[in-house]
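Right, one structure below, let's go through it.
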């Protein structure tokens, strides 16, 4: 099952996968709500899920799928750096994480590895995660401050960086304005920012760096 709100991405992945003798696409969805309905009906072995969907964050969808379809394997697909999202996705229940910039053969390697019961991440992320596990102090001196944010805080932070106001973010994430304001306060505290202006500048620069 392919879950991505960009038709060209779905088409490219479907063509790549359907050329293989051992893999086949049985369905596509352009939103989280459509994905849940299709997965309930078609019961695929594996879903490739974009981390940034129009109607919902891919990691939130992933958490739902873990409950609704516990046997489903999920490969998260993203334009965002592995260093920021891969561990979050794995903690939420994904079996792998791959960036859209990767070569097609890497996508096939990831799919086959997951179907075989393994987990797929890049060598760089695997090394980082192993180092984190073996570090007795659990400290990560080179950790980005943004990595301290929770999944929901990171979502709010990303929308701030894209220029959305509090009420717009609340509507996007189906949250109350008060809840978004609370998240903003937590973000400022974790990033050691003094006011709304500093938060906005930091978020805008972070989004620009990601793109």
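The values are calculated or read from the model by the stated rules, or taken from the named source; none is laboratory data. Please read all numbers here as calculations on a predicted model, not as lab measurements. Positions of Cβ are generated from backbone atoms using ideal geometry, with glycine treated the same way; all protein chains shown enter the neighbour counts.
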* Asked: What tally of residues in the stretch 182-211 results from selecting those that are more than 25 Å from residue 32 (Cβ to Cβ) and either within 21 Å of the chain's Cα centre (by Cα) or part of a helix (DSSP H, G or I) (or both)?
  -> 16
* **Per-region count, the stretch 14-36, residues over 9 Å from residue 1 (Cα atoms) and surrounded by 13 or more Cβ atoms within 10 Å (Cβ to Cβ)** => 10
* Asked: Could we say that residue 114 is at pLDDT below 85 and closer than 15 Å to residue 89 by Cβ here?
  -> no
* To do: Scan the stretch 35-79 residue by residue and report those that are touching a helix residue (DSSP H, G or I) at 6+ places or on another chain (Cβ under 7 Å) and within 15 Å of residue 9 (Cα to Cα).
  => 47, 48, 49, 50, 51, 52, 53, 75, 76, 78
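Mind counting the residues in the stretch 182-198 that are in contact (Cβ under 8 Å) with a residue 40 or more places away in the chain and on the phi < 0 side of the Ramachandran plot? Reasoning before the result, please.
Within the stretch 182-198, the first condition is being in contact (Cβ under 8 Å) with a residue 40 or more places away in the chain, and the residues that meet it are 190-192.
Next cut, on the phi < 0 side of the Ramachandran plot only: 190-191.
Here the count works out to 2.
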* Select from the stretch 110-124 the residues that are part of a loop (DSSP other than H, G, I, E, B) and touching a strand residue (DSSP E or B) at 6+ places or on another chain (Cβ under 9 Å) and write down the one among them that is surrounded by the most Cβ atoms within 10 Å (Cβ to Cβ). => 121
* **Pair list, Cβ under 7 Å, 6 or more apart: the stretch 3-21 residue more than 23 Å from residue 62 (Cβ to Cβ), other residue assigned to a helix (DSSP H, G or I)** => 20/108
